[in-house]
Amino acid sequence: MTTLLEVKGLKTRFYTQDGVVHAVNGISYTLDEGETLGIVGESGCGKSVSVLSTMRLIPEPPGKIVGGQVIFEGEDLLKMPMDEIRRVRGNKIAMIFQDPMTSLNPVLTIGRQVEEALELHMGMSRSQARQRAIELLQMVGIPQAEDRIDDYPHQFSGGMRQRVMIAMALSCNPQILIADEPTTALDVTIQAQIVDLVKRLRDEIGMAVIWITHDLGIIAGLADKVIVMYAGYIVETAPVKELYGDPRHPYTIGLLGSLPRLDAHQSRRLVSIEGLPPDLIDLPPGCPFAPRCNYIIDRCLEENPPLEVVGPNNHRIACWVDVKATPKLQ
Amino acid sequence: MTEDNVLVRVEHLKKYFPITRGIIFQRQVGAIKAVDDISFNIRRGETLGLVGESGCGKSTTGRTILQLYRPTAGSVFFEGQDLSKMKGEQLRRMRRKMQMIFQDPYASLNPRMTVGNIVGEPLEVHGVARGKERRERVQELLQLVGLNPYFINRYPHEFSGGQRQRIGVARALALNPSFIVCDEPISALDVSIQAQVVNLLEDLQEEFGLTYLFIAHDLSMVRHISDRVAVMYLGKIVELTDRNELYNNPLHPYTQALLSAVPIPDPVVEETRKRIILEGDVPSPANPPAGCNFSTRCPRVLDVCHEEEPEFKEVGPEHWVACHLIA
């Protein structure tokens, strides 16, 4: 497998009136060709910001990417001039967002919005673009695409709008599709439709996918590799089966324990992670998870642990403690 | 099931919202059938889960039971008394026994009131406690839901989402109710915080013998917290049974599809799972299809489904389904 995208030491800060928000604190990962990477974490853990940063979509000010590299096709996206990055964005790397209502322009027809990317990036004529737009809408499962292409976004349901977003994202045959919580606003049966669609298109086109979510359930059936984020750091990363089968970071263990399972016959008490995530303006000096951790030792409060290999297939965690050998504190 | 075991009995409940045209001379041109003829019981001390997708009428059901919306037709009996026929002072006195926890902890707390006033307001309104006594009761309630009693003079914006939801729980508990409608109380919270609030609700139920109607769209959480589960689709209950029976032996095609659509956080299980992918979207409740409401999306639809509405009947012990496929 060849590496498609490499992120090294990415750091993003937001300079606000209340202080400097340390949103992303030096994260590194790679994405291989055709691979699906899941990034999970709770709100405010920096999962969206980290990916928006790789695409240079952080509003400056107040945001600023203060360090790191994003290598795509041998070039650092963070050093690229803006007009060049626009040729990558939406073309080789496409994105779909959480809210399909606010990501579509309400005063333009669906067709016009899909055609725009085709004319811009692929240099198609208006009639070619329209023809291709109809094909794309059919591909993502919009019934009667020839008729509905002239409809406006408000005439589409939430699931249908997300399909339109996917059609737009796929219009230029991207190598990478970044999906930022694309199903969070949708009902479960519609979510299943969208996940199914992305899986099918991924396998047909052979693109790599980065799927950002807070839902560990979706990732289990979709991703090859998973990154768990907490307070702007990667705390654990592993191939999907290893992460769920043998979670090693106390936060990952806590997250999996706090989820009720649909296939559980006996109802057990949920393991809740006490306390709250830290304030990103005033991060503690040691491990950011230490105040909520059940396995805490003195060192956790002083030094932030680096991400280190603990298991096969590059299973890495950022933790001083071997949770398997340590009793849990009460 | 004996009658005295039942705390809430809902009979043929309907709630339609009118669709009107015109500004000065408004005339009704249709109706949104948010809740369309549903019947069920809630037993004392149990948690009844009510699941369904957005717009299926589950929240409207909860609100209509509490008479926050007056029903279009049908009755709600609470401890044997028909709430839908009560009004004014009589209804107000009944409200002490039934409370609600809302979905959005940011919208359901008045930002200009202190926590003490928010939690203490029901005590004042119902003339239960005033002054020092009220303050003490509020502090006791805050402690009960896991908040520091010294937070009494703080304002809602000083709290996180999970803490705000605890304030909402404390307010609901203030009058020692026997019945609480929990309307998606954890949907707005992060995963690790959800577990905190669910554990709190379970502890309180055990301590005070509370009865819950737990409305949610997260089927895994509903299975976890409920004793029995009702599944709603487009204003109707399509299936109602014991939680394990529902998950092990779902009979209605909608329940089957809904369950199969829920992802399970285990890649090994997910690999071999078969999904029933439903086509299309939920029809508009202003114009539901003829016959069975689910007939437009049902993978196993029969001719009769387009013509006749299936009856909601008991097909096994304590297992109610509305479907033509199940004779």
Quiz item: Any idea how many residues of the range B:214-243 are facing another protein chain (nearest Cβ under 10 Å), basic (Lys, Arg) and crowded, with 23+ Cβ neighbours inside 10 Å?
Solution: 1
Exercise. For the range B:281-300, state whether one or more residues are surrounded by fewer than 16 Cβ atoms within 10 Å (Cβ to Cβ), of a type in the set (Asp, Glu), out of contact with any Pro (no Cβ under 6 Å at 6 or more places or on another chain) and without any contact (Cβ under 8 Å) to a residue 24 or more places away in the chain.
Key: no
Exercise. Kindly indicate which of A:ASP203, A:ASP196 is under 24 Å from A:GLU33 (Cα atoms), acidic (Asp, Glu) and within 12 Å of another protein chain (Cβ to nearest Cβ).
Key: A:ASP196
Practice problem: Only residues that are open to solvent by 10 Å² or more (accessible area, probe 1.4 Å) and either within 14 Å of chain A (Cβ to nearest Cβ) or not in a helix (DSSP H, G or I) (or both): list them for the range B:163-176, please. | Solution: B:GLN163, B:ARG164, B:ARG166, B:LEU175, B:ASN176
Quiz item: Of all the residues that make up the range A:266-315, how many are hydroxyl-bearing (Ser, Thr, Tyr) and within 26 Å of the chain's Cα centre (by Cα)?
Solution: 1
Quiz item: Taking A:GLN69 and the conditions (1) farther than 14 Å from A:ILE176 by Cβ; (2) within 14 Å of chain B (Cβ to nearest Cβ); (3) modelled with pLDDT of 90 or more, which numbered condition does it fall short on, given that it satisfies the others?
Solution: (2)
Quiz item: List pairs: first in the range A:66-94 and open to solvent by less than 30 Å² (accessible area, probe 1.4 Å), second outside any loop (DSSP other than H, G, I, E, B) and of a type in the set (D, E, K, R), Cβ under 6 Å, 6+ apart or cross-chain?
Solution: A:GLY67/A:LYS11
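Please work out which residue is farthest from B:PRO299 (Cα to Cα), limiting yourself to the range B:251-281 and to residues that are β-branched (Val, Ile, Thr) and within 8 Å of chain A (Cβ to nearest Cβ).
Just the residues of the range B:251-281 that are β-branched (Val, Ile, Thr), to begin with: B:255, B:262, B:264, B:268-269, B:272, B:276-277.
From what's left, within 8 Å of chain A (Cβ to nearest Cβ): B:262, B:264, B:268-269, B:277.
On the way: B:VAL262: 18, B:ILE264: 23, B:VAL268: 27, B:VAL269: 24, B:ILE277: 9 Å.
Within the range B:251-281, the match that is farthest from B:PRO299 (Cα to Cα) is B:VAL268.
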Practice problem: Return a yes/no flag: does the range B:32-53 have any residue that is of a type in the set (Asp, Glu), closer than 28 Å to B:VAL282 by Cα and open to solvent by 10 Å² or more (accessible area, probe 1.4 Å). | Solution: yes
Quiz prompt | Residue list for the range B:80-94, filter: open to solvent by 70 Å² or more (accessible area, probe 1.4 Å) and more than 25 Å from B:PRO18 (Cα to Cα) | solution = B:GLN81, B:GLU89, B:GLN90, B:ARG92, B:ARG93
Quiz item: If you check B:ASN248 against the conditions, is it within 11 Å of chain A (Cβ to nearest Cβ), under 27 Å from B:VAL301 (Cβ atoms), open to solvent by 20 Å² or more (accessible area, probe 1.4 Å) and modelled with pLDDT of 90 or more?
Solution: yes
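Before we move on, is A:VAL309 among the β-branched types (Val, Ile, Thr), open to solvent by 70 Å² or more (accessible area, probe 1.4 Å) and more than 8 Å from chain B (Cβ to nearest Cβ)?
Taking the combined requirement at face value, the residue satisfies it.
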Quiz item: Can you pull out the residues in the range A:211-223 that are crowded, with 24+ Cβ neighbours inside 10 Å and more than 9 Å from chain B (Cβ to nearest Cβ)?
Solution: A:TRP211, A:ILE212
Quiz item: Does at least one position in the range B:143-157 carry a residue that is farther than 20 Å from B:ASP203 by Cβ and within 14 Å of chain A (Cβ to nearest Cβ)?
Solution: yes
Self-check item: Subset of the range B:182-200 (residues that are surrounded by fewer than 24 Cβ atoms within 10 Å (Cβ to Cβ) and of a type in the set (A, V, I, L, M))
Solution: B:ALA188, B:LEU189, B:VAL191, B:VAL198, B:LEU200
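Among the helices (runs of 4 or more DSSP H) contained in the range A:101-186, which hold 1 or more residues that are open to solvent by less than 20 Å² (accessible area, probe 1.4 Å) and among the polar types (S, T, N, Q)? Even if it seems obvious, please write down each step before you answer.
Details: elements: A:110-122, A:126-139, A:145-148, A:158-170.
Counting at least 1 such residues, we get A:110-122, A:158-170.
Yes/no matrix, rows are residues, columns are (1) touching a residue at least 60 places away in the same chain (Cβ under 8 Å); (2) out of contact with any Gly (no Cβ under 9 Å at 6 or more places or on another chain):
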| residue | (1), (2) |
| --- | --- |
| B:PRO156 | no, yes |
| B:GLY161 | no, yes |
| B:ARG164 | no, yes |
| B:ALA172 | yes, yes |
| B:LEU175 | yes, yes |
| B:SER178 | yes, no |
| B:ASP190 | no, no |
| B:GLN194 | no, no |
| B:VAL197 | no, no |
Quiz item: From the residues in the range A:260-286 that are within 7 Å of another protein chain (Cβ to nearest Cβ) and modelled with pLDDT under 80, which one is least open to solvent (accessible area, probe 1.4 Å)?
Solution: A:SER267
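Looking for something among the basic types (Lys, Arg) and under 21 Å from A:ILE219 (Cβ atoms) - is there at least one such residue anywhere in the range B:260-273?
Restricting attention to the range B:260-273, the residues satisfying the condition of being among the basic types (Lys, Arg) are B:273.
Adding the requirement that they be under 21 Å from A:ILE219 (Cβ atoms) leaves B:273.
Within the range B:260-273 (the criterion being among the basic types (Lys, Arg) and under 21 Å from A:ILE219 (Cβ atoms)), the answer is yes, since at least one residue qualifies.
So is B:THR211 among the hydroxyl-bearing types (Ser, Thr, Tyr), touching a Ser or Thr at 6+ places or on another chain (Cβ under 9 Å) and either more than 11 Å from chain A (Cβ to nearest Cβ) or without any contact (Cβ under 8 Å) to a residue 12 or more places away in the chain (or both) or not?
Numbers: among the hydroxyl-bearing types (Ser, Thr, Tyr): yes; touching a Ser or Thr at 6+ places or on another chain (Cβ under 9 Å): yes; either more than 11 Å from chain A (Cβ to nearest Cβ) or without any contact (Cβ under 8 Å) to a residue 12 or more places away in the chain (or both): yes.
Answer is yes for this residue.
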Quiz prompt | In the range A:224-259, the residues that are at the interface with chain B (Cβ under 10 Å from one of its Cβ atoms), of a type in the set (Ser, Thr, Tyr) and open to solvent by 10 Å² or more (accessible area, probe 1.4 Å) | solution = A:TYR244
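The values are calculated or read from the model by the stated rules, or taken from the named source; none is laboratory data. Bear in mind the structure is a predicted one, so any value in this text is a computation, not a measurement. Here the Cβ is made from the backbone with ideal geometry for all residues, glycine too, and neighbour counts use every protein chain on show. Ligands, DNA and RNA are stripped out before the accessible areas are found, and what is left, the full protein with its side chains, is counted by its heavy atoms. Shrake-Rupley method; radii C 1.70, N 1.55, O 1.52, S 1.80 Å.
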